[in-house]
Structures are given as structure tokens and as C-alpha cells.
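Structure record follows, encoded as C-alpha cells.
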Amino acid sequence: AQSVTQLGSHVSVSEGALVLLRCNYSSSVPPYLFWYVQYPNQGLQLLLKYTSAATLVKGINGFEAEFKKSETSFHLTKPSAHMSDAAEYFCAVSDQGGADGLTFGKGTHLIIQP
Amino acid sequence: GAVVSQHPSWVICKSGTSVKIECRSLDFQATTMFWYRQFPKQSLMLMATSNEGSKATYEQGVEKDKFLINHASLTLSTLTVTSAHPEDSSFYICSAQGWGGSTDTQYFGPGTRLTVL
């Protein structure tokens, strides 16, 4: 069975600073990994996904993530935070090529300070 | 592309009544739809997986007689919460996957907030 651990339920950064949201996964097979963003009272929007191709994945809104098999990690980064990035971020894993229900981490609430 | 809608966006009902939530894929054919439940400030938990024309597969601990799922067409799945009770109050989110979008990606609806009084 797969699992996802997101370190830090809350992360606070200053506007313009680097954003780093951590995600570690556990999977018995090569995983598909996803980052989603959720704004208050809304559904989830896909930021990016890793599907066994390039290990550095670029997504929307300037976000990117790097798949590191040796560290079983898929951390999300953005070079310069913007106020509009304030939201809840979820890392998720699939061990059936995305064809199964996703297993989500507990989420990280990103706070942007002016 | 790959837009998923849910209706209603919020609903309040009395304890003991049933509530139906619709999930539609607007611009692609969803061969598989998923239903998740999200408690306040918590993560999403998968409730069930439904394939068009087949019975839904429920996750362990989810009562299939309480949460009825129908996936009768490639663009519509419904979740009916039967005899709802206050503990069923939650945010219900569907996702869809299939042709027209990326087959390895789930596209999520905006969610339905259910409050049972």
C-alpha cells in the first residue's frame, strides 16, 4: 500500500522568498506523483505530475517538483512566492499509473507574509 | 479542457433525509469517477471508485448502503447519501478520469458541502 507524508502542516514564507513544500512517499511499485492546490471552499487543481518521465517536473504558476527515488521524495518548489500562492497544497500518489484512487498527504497550508 | 462540475455546491438537510450529489465531466468522457470525502482542515479520503456501467467499488469502512453511487453514463456519476445524519456532514469531492483528458490524471470537481442538521 502506498502512503504520503507531508512535513509541516503550515509553512510561512515572505512574499518573494523561495517556497519549499516537502513530500515523501512510500510505494511498492514505481509511483505516479501529483501535487494539487486547493483554495478555500474549492476543489483541487492540478499543479503538476510525475509519470516516470523527466525527474524534474514543471507545473503551472511557476511551481516545479523533483522526483528523487533514492530519497523517496517529491518536494514542491517555487523560486519567488506571490500572495496569490496562499492555499492548501496536497501531495498524492498512485501506484496504478494514475488509474486508481489517489492517496493524499495531510496537506500543507502555505502562508505568504507581505 | 477537462472540466468537472458538481451540483449542488452546498446543501443543508434534516437528519434522516437523503441527498443526491451530481458529478459531471463537461468536456470529456469519464470512464472512471472517484468520490472523496474531506473533513474540515483534513486531507481527502477516497470513498469509492466507479466505472461507467459497473457497480462502484467501495473503500474499507465506507457503507455502501449509505453512500449509493451510480455511474450510468460517461459524463455523470451521482452520490446519494441516504438517511443522512450530522456525522455525514462533510465536503464531498468527485474526480473524473478518461478520454479527452490525460488518462493518468484525475480532474476534480469544485466539491459539495453537506450540512446535516
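Figures for the structure shown
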item: Once the Cα gyration tensor of region B:58-117 is diagonalised, semi-axes √(5λ) in Å; result: 24, 13, 11
item: Backbone HN-Hα couplings from phi across region B:83-93 [Karplus 6.51/-1.76/1.60, Hz, Gly and Pro as x]; result: 6, 5, 10, x, 5, 7, 4, 5, 9, 9, 10
item: Student exercise, region A:1-99 dipole from Lys, Arg, Asp, Glu Cβ charges, in Debye to nearest 20; result: 180 debye
item: Environment charge at B:ARG37 (Cβ cut-off 15 Å; Lys +1, Arg +1, Asp -1, Glu -1); result: +1
item: Partnerless Cys - chain B, beta-carbon criterion under 4.7 Å; result: B:CYS13
item: Stokes-Einstein diffusion coefficient of chain B, Kirkwood radius over Cα pairs, 25 °C, 0.890 mPa s, in µm²/s; result: 175 µm²/s
item: Under 23 Å between alpha carbons - lysine pairs in the protein assembly as shown that sit 8 or more apart or on different chains; result: 22
item: Dipole magnitude of the protein assembly as shown, debye to nearest 20 (Cβ charges: Lys/Arg +1, Asp/Glu -1, about Cα centre); result: 180 debye
item: At R0 = 25 Å, FRET efficiency that the Cβ-Cβ distance of A:THR72 and A:SER12 yields, to 0.05; result: 0.45
item: All-pairs alpha carbon distance profile, region A:6-90, 10 Å steps from 0, percent; result: 17, 52, 28, 4
item: Cα pair count fraction exceeding 24 Å, expressed as % - the protein assembly as shown; result: 44 percent
item: Estimated vicinal HN-Hα couplings, Hz - region A:83-93 in sequence order (Karplus 6.51, -1.76, 1.60; Gly, Pro = x); result: 3, 6, 7, 4, 4, 9, 10, 10, 9, 9, 10
item: Averaged over B:106-115, number of beta-carbon atoms from partner chains that fall within 10 Å; result: 4
item: Net charge contributed by nearby residues that have their C-beta within less than 15 Å of A:ASN61 (K/R +1, D/E -1); result: -1
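Quick note: the coordinates plus some simple rules give every number you see, no bench work behind them. Values in this document were obtained by computation on a predicted structure and should not be read as measured data. Cβ sites come from the backbone with ideal geometry, for glycine too, and all protein chains shown count toward neighbours.
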